[in-house]
Amino acid sequence: MLQALIEEFEQEAESTRKLLHAVPAKHIGYKPSPTSWTMGELAQHIATIYYWYVGTLTKDVYDMDADEMERGSTDDIHATRDLFEKNVEKARQALKSITEEDLQDQWTMKSGGRTVLGPFPRGTVVRSFLFNHIYHHRGEMIIYLRATGNEVPGLYGPTYEDDMKVKDMNKE
């Protein structure tokens, strides 16, 4: 299971990288509704999730309030991309530091003294809280990009727009 998680992590980090590189500075303040994050806030949240791998994989109880990370401005997509790269490297090292058995250990997330998540087996948390959480927010980012008229990169093959370009070229 651990090797499969590492392989998925590497593949999906590359997809996240493509997506963050598609975020244009000119639309960083876009938000689809008054209660939504801006595109910059969403991008930074995606980059931040990779930081949480360390606390998830190296601690049995991870208190998010006790863990501080310098994020930079949500209005600076270049800083967010740098944050992403640094956090991916930390996450990669944390993934490589654990064993198959570690995935069975119980893990809990706290916020101050309050339990927010768990206890669950660490492997379950990696799949749900880390991997699926990133996928969810990447889906949101794709909507933001399309809503602002930006090109969406293909994460799992060609996009709808890529297919339309091919169809248009074949008509000529």
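The values are calculated or read from the model by the stated rules, or taken from the named source; none is laboratory data. Treat the numbers as computed from the prediction; the structure is a model and nothing was measured. Positions of Cβ are backbone-derived with ideal geometry, glycine not excepted, and every protein chain shown enters the neighbour counts.
Below is a table of values for the structure above.
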{"quantity": "Qualifying residue in segment 3-20 (condition: crowded, with 16+ Cβ neighbours inside 10 Å, touching an Asp or Glu at 6+ places or on another chain (Cβ under 8 Å), polar (S, T, N, Q) and at pLDDT 95 or above)", "calculated": "no"}
{"quantity": "Every residue from segment 23-33 that is in contact (Cβ under 8 Å) with a residue 60 or more places away in the chain and either of a type in the set (Asp, Glu) or surrounded by 17 or more Cβ atoms within 10 Å (Cβ to Cβ) (or both)", "calculated": "23, 27, 30"}
{"quantity": "Matching helices (runs of 4 or more DSSP H) fully within segment 1-67 where at least 1 residues are closer than 15 Å to residue 147 by Cβ, over 13 Å from the mean Cα position of the chain (by Cα) and not aromatic (Phe, Trp, Tyr)", "calculated": "39-49"}
{"quantity": "Every pair of residues 6+ apart whose Cβ atoms lie under 6 Å, when the first sits in segment 141-153 and is under 10 Å from residue 32 (Cβ atoms) and of a type in the set (Phe, Trp, Tyr) while the second is part of a helix (DSSP H, G or I) and modelled with pLDDT of 95 or more", "calculated": "144/39"}
{"quantity": "Residue count for segment 111-144, restricted to those that are under 20 Å from the mean Cα position of the chain (by Cα) and more than 30 Å from residue 23 (Cβ to Cβ)", "calculated": "3"}
{"quantity": "Residue match in segment 34-43 (condition: in contact (Cβ under 8 Å) with a residue 24 or more places away in the chain, surrounded by 17 or more Cβ atoms within 10 Å (Cβ to Cβ), in contact with a Gly (Cβ under 8 Å, 6 or more places away or on another chain) and not polar (S, T, N, Q))", "calculated": "yes"}
{"quantity": "Which numbered condition residue 88 misses (of (1) under 15 Å from the mean Cα position of the chain (by Cα); (2) modelled with pLDDT of 95 or more; (3) surrounded by fewer than 16 Cβ atoms within 10 Å (Cβ to Cβ))", "calculated": "(3)"}
{"quantity": "Residue 99 vs. criteria β-branched (Val, Ile, Thr) and surrounded by 14 or more Cβ atoms within 10 Å (Cβ to Cβ)", "calculated": "no"}
